[in-house]
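Data first, discussion second: the structure below is written as structure tokens.
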Amino acid sequence: MAARHALEAVLVDLSGTLHIEDAAVPGAQEALKRLRGASVIVRFVTNTTKESKQDLLQRLRKLEFDISENEIFTSLTAARSLLEQKQVRPMLLVDDRALPDFKGIQTSDPNTVVIGLAPEHFHYQILNQAFWLLLDGAPLIAIHKARYYKRKDDLALGPGPFVTALEYATDTKATVVEKPEKTFFLEALRGTGCEPEEAVMIGDGNTEHQMKKKLIHLLT
Amino acid sequence: MAARRALKAVLVDLSGTLHIEDAAVPGAQEALKRLRGASVIVRFVTNTTKESKQDLLERLRKLEFDISENEIFTSLTAARSLLEQKQVRPMLLVDDRALPDFKGIQTSDPNAVVIGLAPEHFHYQILNQAFRLLLDGAPLIAIHKARYYKRKDGLALGPGPFVTALEYATDTKATVVGKPEKTFFLEALRGTGCEPEEAVMIGDDCRDDVGGAQDVGMLGILVKTVHHRGMKQRTMNGSAL
């Protein structure tokens, strides 16, 4: 096995690792303090389609975690990062609560389609508009492709079916940006200036099964 | 090769074979008269998602074809046939103009989902209702899975993407009933009492008509009709919808 580079960046999963619902994982606050003592760049990563960084920040500060907004990296951040990198203008089919994370990105005269969990946008007319953009060569970016999600009383269609619908209609494939897609981790590290070989991901049991891309070391 | 049995049933494609748009194919009316003279059962078959049998009948009679309603078999008829066979009650996501072909089928308390070209039904709330029926084990029946169709203002999403959406959501596969699916030909023959080996399909589309028929064991006869450019695309053209 190739010699490891020095550790320069640490990605820490949020839900299940740092906190569970509205309670901090026992020992997590202390562990974070120790991590701060080491000279590494820390990023807090999570999948979400409707919590903006502000929402997450508030929740974590309530749990007395010392975190700043630019240390948070979500699937929405990954999408934004990709948009900036490709220099495209998105048609944003995302929850209103996710819009703050796209502030500053031009959305008029779109040439890309971004799909998150947004039932209010999943009707024929809007999907057809997205279809036209895709026919013109616009890339399709999916925050994730969940088949369904839990509502209070039942299961409801997730964004996955609608992403698949557009993929089928245009015979193309969406770029999915959430964990555990490669795009997520590469975009998370892009802001740190670190290579994957210099980074470690800390996650709970679920995440461990998902780690298979360029990350080398895993602490649980 | 096994000896073919005597010919007992003839399936005749409509668009491109018997007529093109609103004009009869030259020689078709005489050919049909001769066919009537032979002792075979005749069925006129076509894919459609919004023309009821009545609509088709009127068009063909205007072109002076001697045809009765029960000789017409469309992809809507195939769907109905399948519903009756499975004894299920459908949630019908089809064009209003297709509803007459489902008359008499119970639709309250549905336990099956039928999807045709019906943009007015393709929105989240209704698709979610269909999703929940499928989760409960309801079968998903698709009239066809065209990716898109031509509208005046450009291309528009067909039923295919929405069928695919529900297939993905529930990890199941729809039964597609239009040509060239086997279901179509088998259901068309079901009413004739003839076996595929005793039947022949006459059509102008190599894949949808002849290919599909041969796949179930029928003989296929390809007629060569002059097509305008674009009518031979794999996607559904206007007349077939």
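Just so you know, all these numbers are worked out from the coordinates, no wet-lab data involved. This structure is a prediction, so every number in the text was calculated from the model and none was measured. Here the Cβ positions follow ideal geometry from the backbone for every residue, glycine too, while neighbour counts run over all protein chains shown.
Set the bar at 29 Å for Cα to Cα. Now go through B:LYS86/B:LYS145; A:LYS150/B:LYS179; B:LYS50/B:LYS152; A:LYS152/B:LYS50; B:LYS8/B:LYS145 and name every pair that lies beyond it. Mind dumping the intermediate values first?
Numbers: B:LYS86/B:LYS145 21 Å; A:LYS150/B:LYS179 38 Å; B:LYS50/B:LYS152 17 Å; A:LYS152/B:LYS50 37 Å; B:LYS8/B:LYS145 31 Å.
Pairs exceeding the cut-off: A:LYS150/B:LYS179; A:LYS152/B:LYS50; B:LYS8/B:LYS145.
Which residues make up the longest stretch of chain A clear of GluC sites (Glu not before Pro) that lie in a DSSP loop with no more than 16 other Cβ atoms within 10 Å, not counting the sites? Please list the in-between numbers first.
Details: sites that count: A:GLU21, A:GLU64.
Longest stretch, sites excluded: A:65-220.
Just in region A:76-134: which trypsin sites (Lys or Arg not before Pro) are loop by DSSP and have at most 16 other Cβ atoms within 10 Å? Intermediate results must be reported in sequence, preceding the final value.
Values: sites: A:ARG80, A:LYS86, A:ARG97, A:LYS103; in loops: A:LYS103.
Qualifying residues, ordered by number: A:LYS103.
Where both partners of a DSSP beta bridge lie in the protein assembly as shown, what percent of those bridges are antiparallel, to the nearest 5?
Values: 12 of 63 bridges.
Antiparallel: roughly 20 percent of the beta bridges in the protein assembly as shown.
Calculate log10 I(q)/I(0) of region A:88-176 for q = 0.16 Å⁻¹, where I(q) comes from the Debye formula with a single equal point scatterer on each Cα and nothing for solvent.
One equal scatterer on each Cα of region A:88-176 leads to -0.60.
Gap in Å between the Cα centre of region A:53-103 and the Cα centre of region B:148-217?
45 Å
If the reach is capped at under 18 angstrom between alpha carbons, list the lysines near A:LYS62, excluding any in the same chain fewer than eight residues apart.
A:LYS33, A:LYS53
Given the Cα-Cα distance of B:ARG207 and B:ILE221 and 0.36 nm per residue of separation, how much length would full extension add, in nm?
Numbers: separation 14, 0.36 × 14 = 5.04 nm, distance 1.17 nm.
Length difference between fully extended and current span is 3.9 nm.
For B:GLU69 and B:GLN214 in the same chain, what is the full-extension length gain: residue separation times 0.36 nm, less their Cα-Cα distance, in nm?
On the way: separation 145, 0.36 × 145 = 52.20 nm, distance 2.58 nm.
Result: 49.6 nm gained on full extension.
Which FRET efficiency value, to the nearest 0.05, is calculated for B:GLU120 and A:ARG59 with the Förster distance at 35 angstrom and r the Cβ-Cβ distance?
On the way: r = 41 Å, r/R0 = 1.18.
Computed FRET efficiency for B:GLU120 and A:ARG59: 0.25.
Put a dot 7 Å past each Cα toward the Cβ at B:GLN87 and B:ARG34; how far apart are the dots in nm?
4.6 nm
Using DSSP to call loops (not H, G, I, E or B), can you name the trypsin sites (Lys or Arg not before Pro) in region A:149-188 whose Cβ has at most 15 other Cβ atoms within 10 angstrom?
In loop regions of region A:149-188 (DSSP not H, G, I, E or B), the sparsely surrounded trypsin sites (Lys or Arg not before Pro) are A:ARG151, A:LYS152, A:LYS173.
Please sort by residue number the trypsin sites (Lys or Arg not before Pro) in region A:1-64 whose DSSP state is loop and whose Cβ has at most 14 other Cβ atoms within 10 Å. Don't skip to the end; give the middle numbers.
On the way: sites: A:ARG4, A:LYS33, A:ARG34, A:ARG36, A:ARG43, A:LYS50, A:LYS53, A:ARG59, A:ARG61, A:LYS62; in loops: A:ARG4, A:LYS50.
Sites meeting the loop and neighbour criteria: A:ARG4.
Using a Gaussian network model of chain A whose springs link C-alpha atoms within less than 10 Å, name the residue from A:ALA199, A:ALA78, A:ALA31 with the highest mean-square fluctuation.
Comparing A:ALA199, A:ALA78, A:ALA31 in the GNM, the peak value goes to A:ALA31.
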